[in-house]
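The values are calculated or read from the model by the stated rules, or taken from the named source; none is laboratory data. Computed from a prediction, not measured in an experiment: that's the story for all the values here. Ideal geometry is used to build each Cβ from the backbone, glycine not excepted, and the neighbour counts take in all protein chains shown.
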Amino acid sequence: MSEPAVVATECAWCLGQLDEEEIEDPRKDLDGEAICDECYYEEYMYICPICQNFAETKDNEKHLMVTPELAENQRMEDGIYQVVEFPVYSASMLGHFNFFPSSSKRVARLPVDARGYWQGGFICEGCAKKAIEEDQWLELWHLWVR
Ligand SMILES: [Zn+2]
Ligand SMILES: [Zn+2]
């Protein structure tokens, strides 16, 4: 007879009490330990700066948005960049970013939707796809009106 699985009732990280739903179907960290939603969101998810939806880091850290402000600091062009290799940037304790030029390549201009947010960072794959399509349309449009 195998032993019954131990049911975790508290988060392995913050040791907070899990609620009923979390006990029944807990989120797991990479070691398979049950953790609460809050810890999971903090560690494995981020908010896409364009659509404001939660995206999971393990699936999504493939494209990033470089805002004009960020671009000026980094002496690079603003737009959507595709990650070629990690790490993409180093961050100092003071919050200064330093992009590694060879670790990402520019694939699209900034999407119209994103104007006005101006908060850079990783974007979700849905928004990346839209930005690249929009960029291609604009490219065609410019050819056509020329
Ligand atoms: Zn927790
Ligand atoms: Zn998005």
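Taking region 8-49 as the range and being part of a strand (DSSP E or B) and among the hydrophobic types (A, V, I, L, M, F, W, C) as the test, the residues that pass are 34, 35, 45, 47. Can you tell me which residue in region 107-126 is modelled with the lowest pLDDT, limited to those that are aromatic (Phe, Trp, Tyr) and within 11 Å of ligand 2 (Cβ to nearest atom)? My answer is 117.
Working only within region 64-80, note down all residues that are assigned to a helix (DSSP H, G or I) and within 20 Å of the chain's Cα centre (by Cα). Working first, answer last.
So the first thing to find is which residues in region 64-80 are assigned to a helix (DSSP H, G or I), and the list is 68-74.
Of everything in region 64-80, those that are assigned to a helix (DSSP H, G or I) and within 20 Å of the chain's Cα centre (by Cα) turn out to be 68, 69, 70, 71, 74.
For region 68-78, the criterion of being touching a Ser or Thr at 6+ places or on another chain (Cβ under 7 Å) and more than 16 Å from ligand 2 (Cβ to nearest atom) is met by at least one residue.
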